[in-house]
Amino acid sequence: MFQINCNIESEKFVQLALKWIEDKQGKNTKTLDIRNQTTFADYFIITSGTSERQVSAIAQNIEYEAKKIGMEPKSVEGERESHWILLDYYDVIIHVFYEKDREFYDLERLWKEDLRPEKED
């Protein structure tokens, strides 16, 4: 387990992010523990909005609240289109989808079924 910054561990940041998502009525929010599947992050949080405006509001609220506790994302992608906004907080990566795009990409299935190719000996 890594720390996102000197004060907050990834598990605590997940709990805070879930509250910030709930504050903007994110839909069907899921947390995926990916620590045993990859080394680039500990958790994915996946949530949906019913409109581009809501998707943007959820992402903006996460950024705003995180900044208040001293957290800056490593990167943010997709803000302009507001169909899939990715907020990379190092050990916690947050995906905010427009509902139909979430169904199309189906990240939960990809990570649950672990569709990565097996290593050859």
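Rule-based calculations on the coordinates, nothing more; no lab input. For clarity, every value in this text was computed on a predicted model and none was experimentally measured. We place every Cβ from the backbone using ideal geometry, glycine too, and count neighbours over all the protein chains shown.
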### Message
Within 10 Å of each candidate Cβ there may be at most 16 other Cβ atoms; applying that plus a DSSP loop requirement, which GluC sites (Glu not before Pro) in the stretch 50-92 survive?
### Response
GLU79, GLU81
### Task
Along Cα→Cβ, 7 Å out, is where each label goes; now give me the distance between the ones at LYS67 and ASP101 in nm to one decimal.
2.1
### Query
Between ILE46, SER56, SER10, whose Cα lies farthest towards the positive end of the dipole of the chain when Lys and Arg beta carbons carry +1 and Asp and Glu beta carbons carry -1, centred on the Cα centre?
SER56
### Query
How many nm separate the modelled label positions at ARG109 and LYS74, each set 7 Å beyond the Cα in the direction of the Cβ?
2.8
### Query
So between SER51 and LYS30, what do we pick up on full extension, going 0.36 nm a residue minus the alpha carbon distance?
5.7 nm
## Note on the structure
Treating every alpha carbon of the chain as one equal point scatterer without solvent, the Debye formula yields log10 I(q)/I(0) values at q = 0.11, 0.12, 0.16 Å⁻¹ of -0.35, -0.42, -0.73
